[in-house]
Amino acid sequence: MQKDSIFVEDDTRYSDSWRLEKTKLQEVFVVKKLFIVTLALVMVFSVTIFPLQKQGDKIILRASDDHAWGYPTVEGLDVMAKLVNMWTNGRIEIKIYPSATLGSEKETIEQTQMGIIDINRTSISPLTSLYDKLNVLALPYLYRDRDHMWNVLNGDIGQSILEELQQVGLVGLAYMDSGARSFYAKKPIYSPDDMKGMVIRVQKSELMMDVVGALGAKPTPMAFEEVYTALQTGVIDAAENNPPSYLETAHYEVAPYYSLDEHSMVPEMIYMSKVTWDQLSEQDRQIIKMAAQAAQEAEIKLWLDQEKAALKEVQDAGVTIIHPEKQPFIDAMEDVYKKYGAKYSDLIEQIQSIE
């Protein structure tokens, strides 16, 4: 669980030089909080304010992730770091700061725009406030399955969105997998009819509240840490998340029916500060881009392995895995798409037409 402080106190894994570097970054972050400037001004002067960190001819890039070592996205970043180091003969080093060491997703996004952080990995969800076209990629039941999602993200649409992020001071490099969120409950869910009147915990998200409401249930925003007890005591009837989280939280003990409706496949993204990007040679940019794409491939495999293992473990523990017919769920989303997708209806149609 993330500490109240945005900086992780337990850094015994790292060397003295790493901790010294972290202290420097903390100081920079404090300075940033004290001196509030507009992004426009930062983009004009940030190359001077935050030049590339170097040790002689060596370039050091700072990469942030809010998960811990061992989590697929962090391990993907590690693959990226090793490839960049190898392909540049050690001339470029990527230092990874996991476990929200450099701040929350919102805070690290701001720092990446400014060039304090060079590389970041977050969900696309917090990026939607900067670039609302990303909302399309988070719509419920947008993708038929995982293969469809990757055909979209690795195709012209997904790659164009990566490039368009430069408008908000970021350079998209690649996407990562975060699995699919599905409903789990105290009773079986085979169709939206089974959800009518159910009280379902959701994240504090207007979109997710509307999704659950459209399925006939009662959405209840609630802190993630409270869900187990709420399920156990009957305060809520169901919740939703991906298989590894369902296992890790032991929610399967109190909600033993897992319905794989896969209503939400919200991708993660690796992106870079445009401030940093603009200071790199074209050759180094291509190396970093290729390494990020390799990190994507590694992360996808790690995620699938973790997901498969989680599903087997909960099933072995007595959970009933349900594979519902998705079309009735999709049909219930008509009003949700009108509300959130009207602006990009053509783009949605393009996505849905991709094989």
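The values are calculated or read from the model by the stated rules, or taken from the named source; none is laboratory data. Note that the structure is predicted; figures quoted are calculated from it, not measured. Positions of Cβ are backbone-derived with ideal geometry, glycine not excepted, and every protein chain shown enters the neighbour counts. Only protein heavy atoms, including side chains, enter the accessible area calculation; ligands, DNA and RNA are left aside. Shrake-Rupley method; radii C 1.70, N 1.55, O 1.52, S 1.80 Å.
A few notes on this one:
- Pairwise FRET efficiency - MET86 versus ASP132, Cβ, R0 = 56 Å, nearest 0.05: 0.90
- Within the accessible area of the stretch 282-352, the carbon and sulfur atoms contribute 50%, probe 1.4 Å, all protein chains present.
- Whole-percent carbon and sulfur share, accessible surface of the stretch 126-187, 1.4 Å: 41
- If you plug the beta carbon distance of LYS187 and GLN352 into 1/(1 + (r/R0)^6) with R0 = 30 Å, you get a FRET efficiency near 0.40.
- log₁₀ of I(q)/I(0) at q = 0.09, 0.11, 0.17 Å⁻¹ - the stretch 94-238, Debye sum with one point per alpha carbon: -0.37, -0.55, -1.09
- D by Stokes-Einstein for the stretch 123-183, Kirkwood Rh over Cα pairs, 4 °C, 1.567 mPa s: 106 µm²/s.
- Residues ASP57 and GLU297, FRET efficiency given R0 of 25 Å [Cβ-Cβ distance, rounded to 0.05]: 0.25
- Helices meeting the span-like rule in the chain (full DSSP H runs, Cα extent of at least 24 Å along the helix axis, mean Kyte-Doolittle score of -1.0 or higher): 16-34, 282-316.
- Residues of the chain: accessible area per residue with a 1.4 Å probe, Å²: 46
- When the stretch 69-144 is reduced to its Cα atoms, the Kirkwood hydrodynamic radius in Å: 14.3
- Accessible-area order (highest first, 1.4 angstrom probe) of the listed residues ASP305, ASP284: ASP305, ASP284
- Largest-first principal axis extents of the Cα set of the chain (Å): 64, 47, 38
- A simple count of charges around LEU247, restricted to other residues whose Cβ falls under 12 Å of its Cβ and scoring Lys, Arg +1 and Asp, Glu -1, yields -3.
- Restricting attention to the stretch 72-200, the count of lysine pairs at 8 or more positions apart or across chains with alpha carbons under 29 Å apart stands at 6.
- Using a Gaussian network model of the chain in which every pair of alpha carbons under 10 angstrom is joined by a spring, one finds that among ARG201, ARG144, ARG62 the greatest mean-square fluctuation is at ARG144.
- Comparing LYS218, LYS274, LYS54 in a Gaussian network model of the chain, where Cα atoms under 10 Å apart are tied by springs, the biggest mean-square fluctuation is seen for LYS54.
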